[in-house]
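To start, the structure itself, in C-alpha cells.
Only the coordinates and a few stated rules stand behind these numbers; no lab work does. From a predicted model like this one, the values you see are computed outputs, not experimental measurements. Cβ coordinates were reconstructed from backbone atoms using ideal geometry, including for glycine residues, and neighbour counts include every protein chain displayed.
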Number of protein chains: 2
Amino acid sequence: MPSTPTTAPDKGRLLLIPNTLDFGCLDGAEGGAPPDLREVLPMGAITAAAGLTHWIAENAKTTRAFLKRVNDIAPLSAPIQALNIQVLPRPSKGGPKGAGGRADPQLERQMADLLAPALAGHDVGLISEAGLPAVADPGAAVVLAAHRLGLQVLPLSGPSSLVLALAASGLHGQSFAFVGYLPVDAQERAQRIKDLEQVSRKAHQTQLVIETPYRNTALWQALLQHLQGSTLLSVSCGLTLAQGWSRTDTVERWRKQALTLPDDIPTVFSWLAA
Amino acid sequence: MPSTPTTAPDKGRLLLIPNTLDFGCLDGAEGGAPPDLREVLPMGAITAAAGLTHWIAENAKTTRAFLKRVNDIAPLSAPIQALNIQVLPRPSKGGPKGAGGRADPQLERQMADLLAPALAGHDVGLISEAGLPAVADPGAAVVLAAHRLGLQVLPLSGPSSLVLALAASGLHGQSFAFVGYLPVDAQERAQRIKDLEQVSRKAHQTQLVIETPYRNTALWQALLQHLQGSTLLSVSCGLTLAQGWSRTDTVERWRKQALTLPDDIPTVFSWLAA
C-alpha cells in the first residue's frame, strides 16, 4: 500500500474528468444525437461526473453539452442550470506561466479563487473541451494550485488523442515527446521541423504535434517538404470518430500519395527519424 | 470528412485494446474479485474485446485473465480456450529496433507472421499487460508492420498511466516527454537526471519516467539528491487504484518530507525545471 501524502480530509478533491474527442466534429452531424458516451468513456468517469455540483471548465457551453450527455446515462445530482461552473481564464500569450513553475502571483491567486469550493469541502471537476484536462490545454495551472493548497487530485481514465495517436503510429512508444503547435510562419516552421527531426534522430524519440484543423494541410505539406525521405511520418485523423483513421509511412512514400486532410477534424502528426 | 487512405477491405483490422492499470496490483488483494472493468474502460473497448477471436499479446496469461473480466460484462464470442492468442517476441536488448524505423528483416518477418490472421480477414486485437498497447511496451513493432501491410489500425480509448500522471501533476502539459527508464547504475542515473533537468529547463518541457516498482525508492532518492531545489517534482502512485494518489511539490520541500513509496505498485515520476 502506498503511504499517501497528507491531505486535509475535510477539503474537497479536484477530479480530472475526461471529455470525448468529438469536440467540434458533431456540428451538422447527420442524424442529430451525439454518440453514446460509454463508447469512449468508462462508467467510472461518467458516474463521477454525474455526482459533481462544482466545475472548473475550459468552456462552460461545451461542459453543459457534455453534462447533458452524462445525464442520458447517469442522472445528474442537480439540474444543469443549478450547477456551479467556473471558467478557466484564457492563458496570456507566451504560454501558461503558472504551470511552468515560474511564479506568477496573480495567476496563483486566480487559481486559488477557482478552487474555493474545494477548500469549502466540495469535490470539484476540472474538464477540458476534449480529452484529458491539463494535457495540451490551459488546465495545468489549476492542478498545480490544487497541489499547493494541499488538495487531493484524482485523474480519471479517459481518451487522450496524443497517446492514442502514438499507439496507432507504430513509432517508438518507449521515448516520445509532445511539443504542441509549430510556428505559423513558414520559415520558422521549416526550421522547427528540421530541429525536431534532429532531436528525434539523436534521442531516438518520436515527436508529436497538433495543429488547428484549418491548418492541417499547410502543416502536412511543410512536413513532406522539410522532413527527410527516410523519416517515418504518421497521421491520426478523427481519433475515436466513426470515420477516424491512422496511417504511417516513410516521407518518401507519402510524397507519392495524394492525401487530402480535412480542415475541420482534429489531427495528430508524429514522426521518427531513421 | 477525412479521405481515408486506401486499405484493403477484405483484410482484418488491428485493434489496439486498452487494458487496466492494475496489472500486478491485485495479487493478494483482499476480497478476491478484481474491480469491474467498466470503472476504467469504456464499453466500446469492452465489447470490441469480447468480439475478437484473434489476439497478439504481451503476455498470454494476463490476456486470458483480462478476457475473463470482459466476459463478466460482455459475453465472449468464443470460449477463452478456443481463442487464438499469439505472444509478442521479447524485444532484444537495446530496445525495439523494428519500432525505430531501423530495418530489421527478421523482426519484420516475425511481425508479419503474427499478423497472418488479419491478412486472412480476421480482426486481430493487440493487448499489453497494462494500459494502451504500443506505448511504453514492445507492441509498436507489430503496429508498424500492420501499416507496412496496408492493414487498418484502430486504437480504442483507454487509460494510459503516463498521461494520467501528467494531467495529475499540474506540470506543463503543452510540452512533455516520456523517456522510459533511467539507467540502473547510480552514476549514470545521476548524470541522466541532470541531463533531463537541463532539457526540461531549456525546452520548458515536463519529463516523465517510470521504474520497475521495486526500484521506486532508489529512483526517488536519486531524484531528490540530483534535481535542483526549485524544480517541481511529481509522483503518481497506483493510478486508477482505490488507494492511488498523485502529489507535486518542489524538490526543496520534498526533501523535508518523509515519503515511503511502495515497492510493488506502478509509479510515474515527472519533473519540470523552474
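One residue of chain B places its C-beta nearer than any other to the axis carrying B onto A; that residue and its whole-Å distance are B:A177, 2. Legend: mean number of C-beta atoms from other chains within 10 angstrom of residue C-beta atoms, peptide B:234-242, equals 3.
How much length is gained if the chain between A:T53 and A:N84 is pulled fully straight, taking 0.36 nm per residue apart and subtracting their Cα-Cα distance, in nm to one decimal?
Extra length available between A:T53 and A:N84 comes to 10.5 nm.
Hey, what did chain A get for relative contact order, percent, Cα under 8 Å, at least 6 apart?
Taking the mean separation of contacting Cα pairs over the length of chain A, I get 22 percent.
Residues whose amide H comes within less than 5 Å of that of B:L16, counting only those at least five positions distant or on another chain, are B:L126, B:L154, B:L156 (H built at 1.01 Å from N in the peptide plane).
When only the Cβ of Lys, Arg, Asp and Glu is charged (+1, +1, -1, -1), the dipole of the protein assembly as shown relative to its Cα centre reaches about 1000 debye. Using the rule -39500 (n - 2.57) for each DSSP H run of four or more residues, divided by the residues of the protein assembly as shown, the 222 nm mean residue ellipticity is -9000 deg cm²/dmol. What do you get for the angle between helix A:60-71 and the principal long axis of chain A? Use alpha-carbon atoms, 0 to 90 degrees, nearest ten. Its long axis makes an angle of about 80 degrees.
Taking other C-beta atoms within 10 Å as the exposure proxy, B:L88, B:L259 rank B:L259, B:L88 from fewest upward. As a calculated quantity, the FRET efficiency between B:V184 and A:S230 at R0 = 25 Å, using C-beta atoms, amounts to about 0.15. Against chain A, whose longest principal axis comes from its Cα atoms, helix A:186-203 is set at around 90 degrees. Projecting the Cα atoms of A:L227, B:A118, A:T206 onto the charge dipole of the protein assembly as shown, computed from C-beta unit charges around the Cα centre, puts A:L227 farthest toward the positive end. For segment A:210-221, putting each phi into the Karplus relation 6.51 cos²θ - 1.76 cosθ + 1.60 with θ = phi - 60° gives couplings of 10, 8, 4, x, 5, 9, 3, 5, 4, 5, 4, 5 Hz, in residue order, rounded to whole numbers and with x for Gly and Pro. Here the relative contact order of segment B:161-272, from alpha carbon pairs under 8 Å that lie six or more residues apart, stands at 35 percent. Working note: Karplus 6.51/-1.76/1.60 with θ = phi - 60° gives segment B:161-174 the couplings 4, 5, 6, 5, 5, 4, 4, 6, 6, x, 7, 4, x, 9 Hz, where Gly and Pro are set to x. Put the Cα centre of segment B:208-274 next to the Cα centre of segment A:244-274 and the gap is 37 Å. Going from the fewest other Cβ atoms within 10 Å to the most, the residues B:H204, A:H172 appear in the order B:H204, A:H172. The charge dipole of chain A, taken about its Cα centre with unit charges on the Cβ of Lys, Arg, Asp and Glu (plus for the first two, minus for the last two), comes to roughly 560 debye. All other residues whose Cβ lies under 14 angstrom from that of B:R189 are scored, Lys and Arg at +1 and Asp and Glu at -1, for a net of -2.
Residues in segment A:72-85 carry Karplus couplings, in order, of 5, 10, 10, x, 5, 6, 8, x, 4, 5, 8, 6, 8, 10 Hz; the curve used is 6.51 cos²θ - 1.76 cosθ + 1.60 with θ = phi - 60°, and Gly or Pro positions show x. With contacts taken as Cα pairs under 8 Å and at least 6 residues apart, segment B:61-215 reaches a relative contact order of 16 percent. Dipole magnitude for segment A:14-155: about 460 debye, using +1 per Lys or Arg Cβ and -1 per Asp or Glu Cβ, origin at the Cα centre. In segment A:161-272, taking the dipole from charged Cβ atoms about the Cα centre, the farthest positive-side position among A:L196, A:W245, A:L164 is held by A:L196. Each other copy holds its own label point for A:D113; taking that point as 7 Å from Cα along Cα to Cβ, the gaps run 6.5 nm, nearest first.
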